[in-house]
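First comes the structure, then the notes that go with it.
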Amino acid sequence: MNIERGRTKHKLCHMVMGIAATLFYIVPSFAKDGAAVYETVCRVCHGTGVMGAPKYGDKPGWKNRISKGVATLEKNAIIEGFEGEKGLMPAKGGRSSLSDEEVKAAVAYMIDAVK
Ligand code: HEC
């Protein structure tokens, strides 16, 4: 009896995990990807403000940039990079293997933090 119950629980557990795993892949995890890209690529500069990079979470530092429009920021972060008054933002943060979508997600992630 007890063994049987244990098995049922075990099966149920697998089912729940299966569903969770499926959801994880189906649901577009935009914010999550953005966070991951930020952590692995962008944080090096944007975490501490290296070379004049606007810091993550620094509202005044991002205000004027956001007023240019998100599309402009995405373009500057993706295509040719951006050379501003403070320094150089390399295209895709220097990681050319990133897809445009990944860079956009990271831009969104940083903008979300200063809204
Ligand atoms: C090697 C350092 C470095 C890395 C890595 C880096 N950035 Fe930057 N980023 C900068 C600097 C410096 C600036 C500011 C340039 C200026 O305004 O003078 C900047 C500016 C920006 C801006 C504002 C552009 C604008 O038009 O004002 C965005 C958006 C941005 N970075 C996104 C990203 C994203 C997304 C990543 C990761 C994929 C990333 N950056 C990785 C250095 C970096």
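If you go through region 89-97 one residue at a time, do you hit one that is assigned to a helix (DSSP H, G or I), in contact with an Asp or Glu (Cβ under 6 Å, 6 or more places away or on another chain) and free of Cβ contacts under 8 Å to residues at least 60 places away in the same chain? Show your work before the answer.
Initially, region 89-97 is screened for residues assigned to a helix (DSSP H, G or I), giving 91-94.
Filter once more, so that each one left must be in contact with an Asp or Glu (Cβ under 6 Å, 6 or more places away or on another chain): 91.
Now narrow it down to the ones that are free of Cβ contacts under 8 Å to residues at least 60 places away in the same chain: 91.
Within region 89-97, one or more residues are assigned to a helix (DSSP H, G or I), in contact with an Asp or Glu (Cβ under 6 Å, 6 or more places away or on another chain) and free of Cβ contacts under 8 Å to residues at least 60 places away in the same chain.
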Counted residues in region 63-107 being of a type in the set (Asp, Glu), farther than 15 Å from Arg43 by Cα and under 17 Å from the mean Cα position of the chain (by Cα) come to 3
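Could you list all residues from region 53-62 that are surrounded by 12 or more Cβ atoms within 10 Å (Cβ to Cβ), of a type outside the set (D, E, K, R) and in a helix (DSSP H, G or I)? Before the answer, list the steps.
To start, the set of residues in region 53-62 that are surrounded by 12 or more Cβ atoms within 10 Å (Cβ to Cβ) comprises 53-59, 61-62.
Next, only the ones that are of a type outside the set (D, E, K, R) stay: 53-54, 56-57, 61-62.
Result: Gly61, Trp62.
Among the residues of region 12-38, write down those that are modelled with pLDDT of 85 or more and either among the small types (Gly, Ala, Ser) or more than 10 Å from the ligand (Cβ to nearest atom) (or both). Walk me through how you get there before you give the answer.
Of the residues in region 12-38, the ones modelled with pLDDT of 85 or more are 33-38.
Passing the criteria: Asp33, Gly34, Ala35, Ala36.
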Regarding Val114, is this residue at pLDDT 95 or above, in a loop (DSSP other than H, G, I, E, B) and touching an Asp or Glu at 6+ places or on another chain (Cβ under 9 Å)?
yes
Can you confirm whether Val50 is over 17 Å from Val114 (Cα atoms) and buried (at least 16 other Cβ atoms within 10 Å of the Cβ)?
no
Please work out which one of (1) at pLDDT 95 or above; (2) near the ligand (Cβ under 8 Å from one of its atoms); (3) touching a helix residue (DSSP H, G or I) at 6+ places or on another chain (Cβ under 7 Å) is the condition Met51 fails and give its number.
(1)
Residues in region 63-87 that are in contact with a helix residue (DSSP H, G or I) (Cβ under 7 Å, 6 or more places away or on another chain) and outside any helix (DSSP H, G or I) total 6
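The values are calculated or read from the model by the stated rules, or taken from the named source; none is laboratory data. Since the model is a prediction, treat every value here as computed from it, not as a measurement. Positions of Cβ are backbone-derived with ideal geometry, glycine not excepted, and every protein chain shown enters the neighbour counts.
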